[in-house]
Amino acid sequence: MNKLIITAAICGAEVTKAQNPNVPYTVEEIAREAESAYKAGASIIHLHVRKDDGTPTQDKNRFKECIDAIRKLCPDAIIQPSTGGAVGMTDLERLQSTEVEESALGLKHPEMATLDCGSCNFGGDEVFINTDNTIMNFGKIMIERGVKPEIEVFDKGMIDIALRMHKKGYIQAPMHFDFVLGVQMSATARDLAFMVDSIPQGSTWTVAGVGRNQFPMAALAIIMGGHVRVGFEDNVYIDKGIPAESNGQLVEKVVRIANELGREIATPAEARAILGLKP
Ligand code: KMH
Ligand code: ZN
């Protein structure tokens with residue numbers, strides 16, 4: 001079985017310090033959390049950024065500051081900015097994260113970014129909106145900028161949308177999917193198997209189990225040959241009712257489970273090879 005890519009979603013846009021005081025807002029805090037995850041074995045940092053007061057932002061200058069700060073501590077990590085941002089942001093705001101130069105890698109744009117392939121209920125009256133036009137526009141721009149999409153899917157229909165976008169030329173193969181389970185679609189072994197069965201041969205996938213689903217979904221992915229995303233964006237607890245001290249602590253737990261199950265952890269270089277990114 002190939003090695004396990006661990007993605008750390010260190011910050012998110014919705015989670016707050018009231019839920020766990022270790023959720024990062026400032027540039028320094030974001031760099032600290034990225035380093036803890038990287039040192040524990042994460043090869044991808046999925047990145048949202050905040051203003052110092054915790055307000056989510058897609059401001060490209062803030063992304064640049066955070067990416068540069070992370071690079072100093074995690075020289076070879078794959079940094080994957082979000083283009084999802086927060087509910088209610090405009091497409092133009094959201095796309096700013098793909099404009100940021102990855103100076104340390106000599107790249108004009110990030111290596112990867114997320115591409116959300118459909119709309120999703122986010123609780124209460126909140127709807128995370130991604131129309132077909134948004135997806136086509138984001139897909140086209142990401143191809144032009146050489147940014148590999150991580151296709152975010154919150155339910156099965158979003159896989160079908162991604163496949164249609166691929167047919168029309170807005171997403172290139174090999175495709176990499178992130179199944180976010182426990183928001184709209186339930187996080188069960190049956191549903192994960194259904195998602196994995198629904199993507200084309202040659203694709204790669206990771207799973208982000210939300211809340212209490214984080215570690216059960218991670219264990220399933222480790223066994224099934226997929227990859228794993230953990231982090232404060234999806235879950236702030238290391239155990240029931242016990243806030244995690246850091247993103248690194250969440251990553252360490254995944255590494256322990258993987259070790260027990262005999263799955264080796266991918267380095268960033270190995271993750272790049274698995275995902276078809278330039279070395
Ligand atoms: N915060 C959500 C509205 C992504 O990063 O692309 C969107 C999200 C997905 O987190
Ligand atoms: Zn995200």
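The values are calculated or read from the model by the stated rules, or taken from the named source; none is laboratory data. Note that the coordinates shown come from a computational prediction; the quantities given were computed from them, not determined experimentally. Here the Cβ is made from the backbone with ideal geometry for all residues, glycine too, and neighbour counts use every protein chain on show.
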Exactly one of Asp68, Asp76 is at pLDDT 95 or above, of a type in the set (Asp, Glu) and either farther than 24 Å from Val255 by Cα or within 15 Å of ligand 1 (Cβ to nearest atom) (or both), and that one is Asp68
Does region 183-204 include one or more residues that are in contact with a strand residue (DSSP E or B) (Cβ under 6 Å, 6 or more places away or on another chain), within 25 Å of Thr98 (Cα to Cα), within 16 Å of ligand 1 (Cβ to nearest atom) and not charged (D, E, K, R)? no
Based on what the data block shows, is Ala221 among the hydrophobic types (A, V, I, L, M, F, W, C) and more than 16 Å from ligand 2 (Cβ to nearest atom)? yes
Hey, can you tell me all the residues within region 8-32 that are touching a Pro at 6+ places or on another chain (Cβ under 6 Å) and either away from ligand 1 (no atom under 16 Å from the Cβ) or among the aromatic types (Phe, Trp, Tyr) (or both)? Asn20
Would it be correct to say that Ile151 is crowded, with 21+ Cβ neighbours inside 10 Å, away from ligand 1 (no atom under 14 Å from the Cβ) and modelled with pLDDT of 95 or more? no
Within region 92-106, can one find any residue that is in a loop (DSSP other than H, G, I, E, B), within 16 Å of ligand 1 (Cβ to nearest atom) and either free of Cβ contacts under 8 Å to residues at least 24 places away in the same chain or in contact with a Pro (Cβ under 7 Å, 6 or more places away or on another chain) (or both)? yes
Yes or no: region 39-60 includes at least one residue that is out of contact with any Asp or Glu (no Cβ under 6 Å at 6 or more places or on another chain), crowded, with 16+ Cβ neighbours inside 10 Å, part of a helix (DSSP H, G or I) and at pLDDT 95 or above. no
Which numbered condition trips up Asp59, out of (1) within 12 Å of ligand 1 (Cβ to nearest atom); (2) farther than 15 Å from Arg229 by Cα? (1)
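Pick out the one residue from Met158, Met165, Met89, Met142 that is farther than 29 Å from Gly41 by Cβ, in contact (Cβ under 8 Å) with a residue 24 or more places away in the chain and not in a loop (DSSP other than H, G, I, E, B).
Met165
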Note on Val251: of the conditions (1) under 18 Å from Leu47 (Cα atoms); (2) surrounded by 23 or more Cβ atoms within 10 Å (Cβ to Cβ); (3) out of contact with any helix residue (DSSP H, G or I) (no Cβ under 6 Å at 6 or more places or on another chain), unmet is (3)
